[in-house]
1. Inspect all residues belonging to the stretch 218-235 and state whether any of them is among the aromatic types (Phe, Trp, Tyr), in the same structural domain as residue 262 (by TED's automatic domain parsing) and part of a loop (DSSP other than H, G, I, E, B).
2. Test of understanding: among 256, 245, 198, which residue is out of contact with any Phe, Trp or Tyr (no Cβ under 6 Å at 6 or more places or on another chain), closer than 30 Å to residue 285 by Cα, touching a residue at least 40 places away in the same chain (Cβ under 8 Å) and aromatic (Phe, Trp, Tyr)?
3. Looking only at the stretch 364-384, count every residue that is over 14 Å from residue 335 (Cα atoms), hydrophobic (A, V, I, L, M, F, W, C) and part of a strand (DSSP E or B) and tell me the total.
4. Please find, among 399, 356, the residue that is outside the structural domain of residue 429 (by TED's automatic domain parsing), in a helix (DSSP H, G or I) and at pLDDT below 90.
5. Could we say that residue 174 is among the charged types (D, E, K, R) and part of a loop (DSSP other than H, G, I, E, B) here?
6. Only residues that are over 22 Å from residue 113 (Cα atoms), of a type outside the set (Val, Ile, Thr) and either modelled with pLDDT under 95 or not in a loop (DSSP other than H, G, I, E, B) (or both): list them for the stretch 314-345, please.
7. I'd like the residue in the stretch 101-134 that is among the hydroxyl-bearing types (Ser, Thr, Tyr) and at pLDDT below 95 and, out of all such residues, is nearest to residue 319 (Cα to Cα).
8. Does residue 446 satisfy being surrounded by 18 or more Cβ atoms within 10 Å (Cβ to Cβ) and assigned by TED's automatic domain parsing to the domain that holds residue 489?
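The values are calculated or read from the model by the stated rules, or taken from the named source; none is laboratory data. Keep in mind it's a predicted model, so treat the numbers as computed, not measured. We place every Cβ from the backbone using ideal geometry, glycine too, and count neighbours over all the protein chains shown.
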Amino acid sequence: MNKLFYGDNLEVLRRYIKDESVDLCYIDPPFNSKRNYNQIYNNIGQEDKAQAQAFIDTWTWDDRANQGLLEIQENYLGHFTSQSIDLINGLIPVLKKGELLAYLVAMTLRIAEIHRVLKSTGSFYLHCDSTASHYLKLVLDAIFCANKGLYLSEIVWRRTTAHGNAKQGTKKFEINFDTIFLYSKSNKYTFNTVYEPFKEEQIKQQYNKIDENGRKYRLVTPTAAKGGGDTSYDFHGVKPPQGRFWAYSKNNMEKFYQENKLYFSSSGQPYIKYYLDERPGVAVMSFWDDIKPMSPTSKERLGYPTQKPEAILERIIKASSNENDVILDAFLGGGTTLSIAQRLKRQWIGIDITYRSIGITLKRLQDSFGEEILDKIQLSGIPKDVESAKLLALKKDDRTRKEFETWAVLTYSNNRAIINDKKGKDQGIDGVAYFQGEKTQEKIILQVKSGKVGAHDIRDLQGVLTLENAAIGIFITLQNPTKDMITTAKSAGIYQHKLYGQPLDKIQIVTIEEILEQQKRLDIKFSFEVLKSAEKQQQIKADQMKLEL
């Protein structure tokens, strides 16, 4: 069964993922590339706080960083190579104990665990940008190459085609690429060559010959600069040119001859006919400029800020895994890896520390593969009773301080609501959902409270509805509502829609207990979502049929 974990990926990897159980791991960890590198390196930290907030919240030198450094230095659980320990110790006087070192410590902890869970034939792709790619490669070398693994490729993806900012005064070469490092755990690993179609210009220039049957072909020499075995034999009275050797055995050369795939020049030298209709295309190399970045209007967009194009993950999964292999994404994000793995008939494991990511992924899988797929996913770390919901609500960790509200909004709305990022005053809005009214699109405001609540909270929500011109307000509470709260909510009136037999209260109070124990959910019909889901499933089925042909 496929698995989805809500929690810190380090803890999940250590507690729940077995040794050598994963065939392929891809991660795209957060790193705010907008932040000025020199300021990270020098620990100045005077840049615009709003711009760097996401990075600072995740990677700061704090108790977690100190604990992580100690685990590396003491070789906690025996998962660190001596080279990785020496590397991190050596970086302390260079980087000092600041944001960048905290990031590298966190990544070293997780890469060591990923190395552990990979099968001996497994592969690992790490997607990053130029901000710290050079340091990350050192970490990867110190863990993989120091432990019988191999560095295989540095893939460069041209992630933007936008013009530089020279007109705005930029005095440097603008960076328009991401880096993807590929490592294997041993010298025995899965790799299926991936091809891209020939371009018209390539066909015109290279496959410029046509045989008597109208088939296009090109001529390729069957010789090589270096020999191996019997590679200097006579072939139909001809030897390789001086300093060259046959690249094929005599038996294979004879097979080419019998299949009429050899052309003899006037000097008698043979050439192999490469027919266009027998060639799979051009083998993909390490510079990927054929996969375009997603446009603002792309159908793939889910509202996740670091979402990557599906074509990247499709290429990676096809190249480094086979059907039924286990794919791991430990920084789940928008769920692209899992969606492509599901379509390509792989098993998968996803981990993320934010419920927003879990909600987006579940919605994406449901839209793509139908509601029945949710029954085939093992969910872990998500509140299943009121007590576990209270534990989530009372967490004081800065990374998860808003997770209770996010979980409550997305769970009650079946992952359809849009989470308010709360930049500045949120006006009592934790989430927003939309539905089609009789004449225009209508808005639903969702608000979540985990502490003491009263009638004043309902009056405040009523004021927000008026300001936002919203049709309905949902008040989700961990505590049971008081009688005054219920009375105040009822006094707000009703919303009537011809598609619903019963009128709806303009303000509705929902408890966490009802969400968990009675499975109460927002049941307003989102007709446009039904249509979108059906279209997506039709596209998925069409793509699968293409794969089977």
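1. Going through the stretch 218-235, the residues among the aromatic types (Phe, Trp, Tyr) turn out to be 233, 235.
Those still in the list that are in the same structural domain as residue 262 (by TED's automatic domain parsing) too: 233, 235.
Cutting the leftovers down to part of a loop (DSSP other than H, G, I, E, B) gives us 233.
Yes, there is a match, as at least one residue in the stretch 218-235 is among the aromatic types (Phe, Trp, Tyr), in the same structural domain as residue 262 (by TED's automatic domain parsing) and part of a loop (DSSP other than H, G, I, E, B).
2. On the way: 256 fails: touching a residue at least 40 places away in the same chain (Cβ under 8 Å); 245 fails: touching a residue at least 40 places away in the same chain (Cβ under 8 Å).
Exactly one residue qualifies, and that residue is 198.
3. So the count comes out to 1.
4. Values: 399 fails: outside the structural domain of residue 429 (by TED's automatic domain parsing).
After applying the criteria, what remains is 356.
5. Details: among the charged types (D, E, K, R): yes; part of a loop (DSSP other than H, G, I, E, B): yes.
Yes, satisfied.
6. 314, 315, 318, 319, 334, 339, 342, 343 - these are the residues of the stretch 314-345 that are over 22 Å from residue 113 (Cα atoms), of a type outside the set (Val, Ile, Thr) and either modelled with pLDDT under 95 or not in a loop (DSSP other than H, G, I, E, B) (or both).
7. If we filter the stretch 101-134 for residues that are among the hydroxyl-bearing types (Ser, Thr, Tyr), which is where we start, we get 103, 108, 120-121, 123, 125, 130-131, 133.
Of the ones still in play, those that are also at pLDDT below 95 are 103, 130-131, 133.
On the way: 103: 29, 130: 24, 131: 27, 133: 23 Å.
By that ranking, first place goes to 133.
8. Working: surrounded by 18 or more Cβ atoms within 10 Å (Cβ to Cβ): yes; assigned by TED's automatic domain parsing to the domain that holds residue 489: yes.
Yes, satisfied.
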